[in-house]
Amino acid sequence: MNTEKLLLLAGLLLRFLLEPTCAVAQPQHVTLEDVVQMAKAQSIAAKQAATQKLTNYWQYRTFQAGFKPQLSLDGYLPSFERSFTEVTQPDGTISFQPISNNNSVLNLALSQNIALTGGSVFVQKQLQRFDDFQRNNRLYNGIPFAVGLRQPLFQFNAMKWDRKIEPLKFEESNQQFIESLEQVTVDATGLYFELLVAQVNLQIAEKNLSNNDTLYKIAQHKLELGKISQNDLLQLQLSVLTAKKDYASARQNAEIASLRLRSYMGYRNEQALELAVPTQIIELAIDVKKALQEAFNNRSDAIAFRRKMLEAQRDVDKARKDNGLNATLNASFGLSNRGTHLGDVYIRPQDREYFEIQFVLPIMTWGRAQARTETAKANQQLTTQSVEQDKLTFEQAIYTQVTLLQMLQQQVKLTAEADRIGQDRYQIAQNRFILSDLSVTDLGIAMQEKDRARRDAILALRDYWTAFYTIRLLTLYDFERNEKIK
């Protein structure tokens, strides 16, 4: 071996040792169940559903806290003022006298709402201190103890209706969280099959490109032997070009579909996804009555039907009572005292009573009161009609989905059998063409039918699994395990 060849070999060896080796990342094989679980665990949609559930929980806790005793301390401390104030003299003239004082008040109260009547009771303790810095004088005033009642009369009781409606809202929000996760499942399934169809199309395009290229080379040899025409050779050459174009388009579609799925389920790994074909379907015989029963027991829509009817009744009740006599009873009883020292407030305090009834009675409203009431009644009737229509639509959706699922179970089997036959038929057609026993046109037809059968089988699986998870969403019931989804 001469020197030039040795130098060239050494250079190639040195380049191989110095250049970093690039390991090709192996694709990650995932199933439909894997994608569903990842989407439920880390997708933005699932996290938003969890956040909304937490928000609804604390809103309900706020509602519950409103019916428990509330202890509060209020007042103003200090409250200093230094100014001139207007003072009317005995002869009617005005004199502006200087003032410099501090008037501080602290009030400690324990209150309790009464949902049955819409009123509230309270226990109160108050202390007031007044400092007159101009005259160097100090006074104390206080309420050592007082108990009171505030009771609306003939008025709309919002608390009574809230105790009926708010628990339904909370129950509805809990079911909406489960529905949101099931919706994530349906959406992830759709994106899974979008990528799976794209990958199958890419596999078909790659296989067709390889087959067409091989057949074109065989046809060139057959043309030399005079066993094929120039027109057939050109047709095969055109098939090769078409296959190259289809392959490039399929690769682009697969990349886009992969990006959409990875983005939705929060997949951060750089590995490519290679999806498994979920051919093992779950044979289910779902009774429509059972599905309807579970849907009305579990779905948030069924709870919303009851909530909307209660809200309509509440609005009618409010319209009626807001248009009539509105009165409020305020009463309190306790002890009070004053003195120059803090302890004087608690020495032989005097009785303290307070009682009043405030009222508003509309006399002439020019039909406004009746119009408000009739509007509320009309809205209640409209709500009733809307709820009835929603119930019918809800039932129809469940019936349609159950029927569709039963049909798709059979459709999956038929398309799988057609796919197998199409693959076998194309293999036979390919062998016949090589033996000069089949035309190029017939070979092309066999290829198209083979590809169509493969795509139809995947699309049937997509429709089946979408219907399978949709019936879970509509009923919040797992018919595979015969249990409610929690």
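A compact table of results
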| read-out | value |
| --- | --- |
| Inter-residue pairs, beta-carbon under 7 Å, first on the phi > 0 side of the Ramachandran plot and in the stretch 102-130, second in a strand (DSSP E or B), 6+ apart | 118/152 |
| Residues of the stretch 198-234 satisfying the condition of being open to solvent by 70 Å² or more (accessible area, probe 1.4 Å), of a type outside the set (Asp, Glu) and farther than 26 Å from residue 253 by Cβ | 217, 220, 221, 225, 227, 230, 231, 234 |
| Residue within the stretch 448-460 that is loosely packed, with under 13 Cβ neighbours inside 10 Å and of a type in the set (Val, Ile, Thr) present | no |
| Residue 254 being part of a helix (DSSP H, G or I), open to solvent by less than 70 Å² (accessible area, probe 1.4 Å), at pLDDT below 90 and touching a helix residue (DSSP H, G or I) at 6+ places or on another chain (Cβ under 7 Å) | yes |
| Which listed residue, of 428, 458, 485, 421, is modelled with pLDDT of 85 or more and in contact with a strand residue (DSSP E or B) (Cβ under 8 Å, 6 or more places away or on another chain) | 485 |
| Qualifying position, being under 15 Å from residue 336 (Cβ atoms) and surrounded by fewer than 17 Cβ atoms within 10 Å (Cβ to Cβ), among 149, 139 | 139 |
| Residues within the stretch 306-350 that are over 30 Å from residue 376 (Cα atoms), of a type in the set (S, T, N, Q) and part of a strand (DSSP E or B), tallied | 5 |
| Unique match (being in a loop (DSSP other than H, G, I, E, B), touching a residue at least 60 places away in the same chain (Cβ under 8 Å), closer than 22 Å to residue 469 by Cα and not acidic (Asp, Glu)) among 228, 282 | 282 |
| Number of positions in the stretch 152-197 that are open to solvent by 40 Å² or more (accessible area, probe 1.4 Å) and farther than 23 Å from residue 60 by Cβ | 5 |
| Within the stretch 260-276, considering residues that are open to solvent by 50 Å² or more (accessible area, probe 1.4 Å), in a loop (DSSP other than H, G, I, E, B) and not acidic (Asp, Glu), the one farthest from residue 203 (Cα to Cα) | 268 |
| Of all residues in the stretch 379-389 being open to solvent by less than 80 Å² (accessible area, probe 1.4 Å) and touching an Asp or Glu at 6+ places or on another chain (Cβ under 8 Å), the one that is farthest from residue 302 (Cα to Cα) | 380 |
| So residue 353, is it open to solvent by 70 Å² or more (accessible area, probe 1.4 Å) and either touching a His at 6+ places or on another chain (Cβ under 6 Å) or part of a loop (DSSP other than H, G, I, E, B) (or both) | no |
| Filtered residues of the stretch 76-120 (kept if surrounded by 13 or more Cβ atoms within 10 Å (Cβ to Cβ), within 30 Å of residue 64 (Cα to Cα) and of a type in the set (A, V, I, L, M, F, W, C)) | 106, 108, 109, 110, 114, 115 |
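Residues checked against (1) touching a helix residue (DSSP H, G or I) at 6+ places or on another chain (Cβ under 8 Å); (2) within 30 Å of residue 150 (Cβ to Cβ); (3) surrounded by fewer than 17 Cβ atoms within 10 Å (Cβ to Cβ):
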| position | (1), (2), (3) |
| --- | --- |
| 306 | yes, no, yes |
| 314 | yes, yes, no |
| 318 | yes, yes, no |
| 321 | no, yes, yes |
| 325 | no, yes, yes |
| 341 | no, no, yes |
| 368 | no, yes, yes |
| 377 | yes, no, yes |
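Here is a yes/no grid of residues against (1) of a type outside the set (A, V, I, L, M); (2) within 26 Å of the chain's Cα centre (by Cα):
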{"position": "181", "(1), (2)": "no, yes"}
{"position": "185", "(1), (2)": "yes, yes"}
{"position": "195", "(1), (2)": "no, yes"}
{"position": "201", "(1), (2)": "yes, no"}
{"position": "211", "(1), (2)": "yes, no"}
{"position": "224", "(1), (2)": "yes, no"}
{"position": "237", "(1), (2)": "yes, no"}
{"position": "255", "(1), (2)": "yes, no"}
{"position": "260", "(1), (2)": "yes, yes"}
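The values are calculated or read from the model by the stated rules, or taken from the named source; none is laboratory data. It should be emphasised that the depicted structure is a prediction, and the values quoted were computed from it without experimental measurement. Please note: Cβ atoms are built from the backbone with ideal geometry, for glycine as well, and neighbour counts cover all protein chains shown. Note: accessible area is taken over every heavy atom of the protein model, side chains too, but ligands, DNA and RNA are not part of it. Shrake-Rupley method; radii C 1.70, N 1.55, O 1.52, S 1.80 Å.
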